[in-house]
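Trainee: Here it is, the structure in full.
Readers should treat all values here as calculations from the given coordinates under stated rules, not as data from a laboratory. All values reported here derive from a predicted model rather than from experimental measurement. Neighbour counts are summed over all protein chains in view; Cβ atoms, including those assigned to glycine, are modelled from backbone coordinates with ideal geometry.
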Amino acid sequence: MNQFFAEFFGTAMIIVLGGGVVSIVLLSKTKGNNSGWIVITFGWAVGVFTGVLIAAPVSGAHLNPAVTLDLVLAHKFSPSLMPLYISA
């Protein structure tokens with residue numbers, strides 16, 4: 001169950017930080033309004049970095065069902081754990 005929570009919170013950090021920076025750039029009454037695509041890409045990069053930092057020690061930081069599926073197909077990950085990782 002630790003892997004589930006690590007994947008869940010890692011993915012949540014990506015979505016929160018990435019979506020948050022997009023809303024800051026696009027909303028008209030924020031200090032970051034119209035700051036541009038470089039701010040958005042940096043925010044998403046920080047989100048991915050934070051998500052990986054949270055999940056890597058516990059679960060390997062798949063954070064994307066495509067990564068889990070690829071590892072299962074390459075016989076480098078247990079198929080029995082795949083539903084747990086994908087649901088997170």
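Trainee: Please note which helices (runs of 4 or more DSSP H) are completely contained in the chain and include at least 3 residues that are touching a strand residue (DSSP E or B) at 6+ places or on another chain (Cβ under 8 Å) and surrounded by 14 or more Cβ atoms within 10 Å (Cβ to Cβ).
Mentor: none
Trainee: Looking at (1) touching a residue at least 60 places away in the same chain (Cβ under 8 Å); (2) at positive phi, can you tell me which one residue 34 breaks?
Mentor: (1)
Trainee: Are any residues in region 1-31 among the polar types (S, T, N, Q) and either without any contact (Cβ under 8 Å) to a residue 24 or more places away in the chain or over 17 Å from residue 85 (Cα atoms) (or both), and if so, which ones?
Mentor: Hits for region 1-31 are 23, 28, 30.
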